[in-house]
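This report concerns only the one structure given below.
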Amino acid sequence: MRITKELAFVALLMSPLGLPSQPSLAQSTPNTRAVLEVGNPDFRAFPIAVAKPRSTKGPAGEALVTVIETVQWDLQVSPVFKVLDPRSFIANPAKEGMTAASIKFSDWINVGADGLAKVAASVTGRRLKVDLKFFDVGTGRELMSKSETGKLDDANDIGHRLANAIIYNLTGTKGIFQTKIAVVRKTKRGRELYTMNMDGKNVRAITNNGSINLLPAWSKDGRSILFTSYIRRNPNLYTIPSTGGRPKLLSGERGLNTGGAMSPDGKQVALTLSRDGNSEIYKMNTDGTALKRLTNEWAIDSSPTWSPNGKRIAFVSSRWGDPHIFVMNSDGSGVKRLTDRGTYNQTPDWSPKGDLIAFTARDERNKFDIFTVNPDTKEIRRLTQDEGNNEEPSFSPDGNHIVFTSRREGKSQVWIMAFDGTNQRRLTKSGGYSTPSWSPYLR
């Protein structure tokens, strides 16, 4: 029998762009931007070219390659863009500069680009400076100019900053490319918490206690992570700085203290407790005070996740037999069942947009895949299929992406995809990962 994350404890104890006909971006201003709206029925991805570097020699050239590759990867991941293949480019990078006057825009029109990003870099000592120019190809007008500086080793982070700048210029919304993902990884001594950049790089251990650490969930300011750990033998709920440090006990009731999820206003935590002998949903203040029970059923209730406005909580319950996704008001009233298909639905996560709840479900072939359900219409959509077991979804802070784990290549790896299931990409190389959690915006 396959069981949910919290039910496993019981067994142990007992990410905006769309145009129907796209206007010239050069016609827009910060207040009249041609907004590209992901999810709009008329949406089409914006064709963009990231120009090849003029030179790849020396430290500046090497750093520039990293920056450009990072920008390309970020924009490819985003559902906003269609990033053109550099192999199709006919422009000569040795002849083109960073100014509109030096660019032959007809060469970029002929390869299908609507937007053009040009990047240059210089190095002074160990300091790196990168300049970005973004152009509307149809009019040849420069839409954006931005410079970023940092250490020579910061090329990847600078690339993320520039990709965020392009996203903001086109949509007026923040980019997610400097966010992080918290995840559990199996080690020789137990299970530890790690964080990584949203592209899978800069993996860093957050715990190193040799115990079993599980179910990371970010605070709303991104400065700390809630998690369950057996470091005191009982599955207690802790909080730890997101850069690592000493864990602080948040809930140490007898039995389960797990599934911590912070409210959108950062003032309360919903969690699963079995202090009264059965797994139920509670909420409390972030300092552990004012504990209030929200569910009271004979069946197991677990895995709470807040709506973006904080007025509702979705959760898993087996009160009608098999585990299904339910929703209730944040005071425990108005309980409604959301899923009426499948025999095993679990791990819900509410989109920051409020329109979808992602969850894991077992199908008729006993395979686990990721689905979404509309909390108002109950419409269900399948996102993964015929690719091994796919589980444990978590939305990006813009609601346009989902991180999840997949065993499609044997070991459990961390993957991301667009909110509609397209553009699936593996982030990790080694296996043993579980329960990824996407951070809020960090910068």
Matching residues, the stretch 120-133, being buried (at least 22 other Cβ atoms within 10 Å of the Cβ) and of a type outside the set (G, A, S): L128, V130, L132
Residue in the stretch 381-399 that is in a strand (DSSP E or B), among the β-branched types (V, I, T) and in the same structural domain as K311 (by TED's automatic domain parsing) present: no
Test result for P352, at pLDDT 95 or above, more than 30 Å from K188 (Cβ to Cβ) and surrounded by 15 or more Cβ atoms within 10 Å (Cβ to Cβ): yes
Could you check the stretch 176-189 and list, in sequence order, the residues that are of a type outside the set (A, V, I, L, M, F, W, C) and surrounded by 24 or more Cβ atoms within 10 Å (Cβ to Cβ)? T179
Take the residues in the stretch 143-172 that are of a type in the set (S, T, N, Q) and in contact with a Leu (Cβ under 9 Å, 6 or more places away or on another chain), then tell me which one is modelled with the lowest pLDDT. T171
First in the stretch 185-214 and over 17 Å from G431 (Cα atoms) and in the same structural domain as G431 (by TED's automatic domain parsing), second anywhere and modelled with pLDDT of 95 or more and acidic (D, E), Cβ under 6 Å, 6 or more apart: T207/E192
Is at least one residue of the stretch 151-161 surrounded by fewer than 21 Cβ atoms within 10 Å (Cβ to Cβ), in the same structural domain as S78 (by TED's automatic domain parsing), under 27 Å from G58 (Cα atoms) and more than 25 Å from the chain's Cα centre (by Cα)? yes
Kindly indicate whether any position in the stretch 338-355 is assigned by TED's automatic domain parsing to the domain that holds G259, outside any loop (DSSP other than H, G, I, E, B) and among the small types (G, A, S). no
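Results for (1) in a helix (DSSP H, G or I); (2) under 30 Å from the mean Cα position of the chain (by Cα); (3) within 21 Å of E148 (Cβ to Cβ), shown as yes or no for each residue.
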| site | (1), (2), (3) |
| --- | --- |
| A49 | no, yes, yes |
| I68 | yes, yes, yes |
| Q72 | yes, yes, yes |
| M98 | no, no, yes |
| L116 | no, yes, yes |
Which one is nearest to A45 (Cα to Cα), of the residues in the stretch 105-127 that are out of contact with any helix residue (DSSP H, G or I) (no Cβ under 8 Å at 6 or more places or on another chain) and modelled with pLDDT under 95? T124
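For every residue, the table says whether it meets (1) within 22 Å of S439 (Cα to Cα); (2) surrounded by fewer than 19 Cβ atoms within 10 Å (Cβ to Cβ); (3) among the hydroxyl-bearing types (S, T, Y).
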{"residue": "M262", "(1), (2), (3)": "yes, no, no"}
{"residue": "Y282", "(1), (2), (3)": "no, no, yes"}
{"residue": "L294", "(1), (2), (3)": "no, no, no"}
{"residue": "N329", "(1), (2), (3)": "no, yes, no"}
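The values are calculated or read from the model by the stated rules, or taken from the named source; none is laboratory data. Everything numeric in this text was worked out from a predicted model, so none of it was measured. Methodologically, a virtual Cβ is constructed for each residue, glycine included, from the backbone with ideal geometry; neighbour enumeration extends over all protein chains shown.
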